[in-house]
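Reviewing the structure listed below.
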Amino acid sequence: MFKKKYDPHIRVKFSLFDDPSYKSIPNTHKAHCLSVFVSLLKFVNTKTLQCYPRKATISSMTGLSYATIYRATIWLIRVGILSKKRLPSTLLYTINPNYIVGYRESDPVDRVSDHTDRSELSVSSLLIERNSNLTTINKLIKEVVDNGGDQSKVIMKLATLPANTLKQAIIDKDNPYYCSLAIKEQSRNVGKLVDIPKGKELLEKIRKKTNFAYQRAVHKNRRDIDRTNKSKDLLRSDSKNKR
């Protein structure tokens, strides 16, 4: 007996495997393209034909690397099965209606279905949508996310800000979670800092290392010392031979 009347499932048209566009994909990429396409069908809104899962989500479902997923989407776009558009924090995929089971053109498209994976929207993108005037913290987060960065890269970027700026952001409730992690990252790096000489000692070392005449004199002295040592060794060997 069935435990459930309806089990969530992914529907793929039988006609896909005979479709000329799909068959034109090289065999070396076809399996990867199918895996990515099925993963997208899990999240697609059958009314808007759109979804926006992250590459990390697709990778965890298929076991494919980010580079393989990218190449697969390029082939799916090239043969017209889907299209994609970059959003502030992820990619928006739109699947060709010919490959969606049960799609009707008369369906309304003015709302997002509950089947859309809303969890794929990052906290930073939602925050950016709510605030038209971006703060310094939000701008840095947006910059990292737009370049495909993840949470660790966001933290590393924020850790370059002064500690006082991060503490004030926490007080202002401006991404306090990320700011607190950035402060912890700064505390970890304190012990890695290397002490450098200060004052006249530092200036003297910089002046010497960047002065051409000084470098030439050092090189000449080393060369003269080497010649002197070789001459002494030669004289010693001659005196031993005469004996």
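The values are calculated or read from the model by the stated rules, or taken from the named source; none is laboratory data. Computed from a prediction, not measured in an experiment: that's the story for all the values here. FYI the Cβ positions are ideal-geometry reconstructions off the backbone, even for glycines, and counts take in every protein chain you see.
See the values below:
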quantity: Enumeration of residues in segment 89-103 that are touching a residue at least 40 places away in the same chain (Cβ under 8 Å) and either assigned to a strand (DSSP E or B) or of a type in the set (A, V, I, L, M, F, W, C) (or both); calculated: Leu92, Tyr93, Thr94, Ile95, Ile100, Val101
quantity: Qualifying residue in segment 76-92 (condition: within 14 Å of Cys33 (Cβ to Cβ), modelled with pLDDT of 90 or more and within 19 Å of the chain's Cα centre (by Cα)); calculated: no
quantity: 1 or more residues at pLDDT 75 or above: qualifying helices (runs of 4 or more DSSP H) within segment 160-243; calculated: 163-171, 176-189, 212-242
quantity: Answer residue from segment 48-71, given it is among the small types (Gly, Ala, Ser) and under 22 Å from Val145 (Cα atoms) and is surrounded by the most Cβ atoms within 10 Å (Cβ to Cβ) among those; calculated: Ser59
quantity: Selection from segment 11-46 of residues that are over 16 Å from Gly80 (Cα atoms) and of a type in the set (A, V, I, L, M, F, W, C); calculated: Val12, Phe14, Ala31, Phe43, Val44
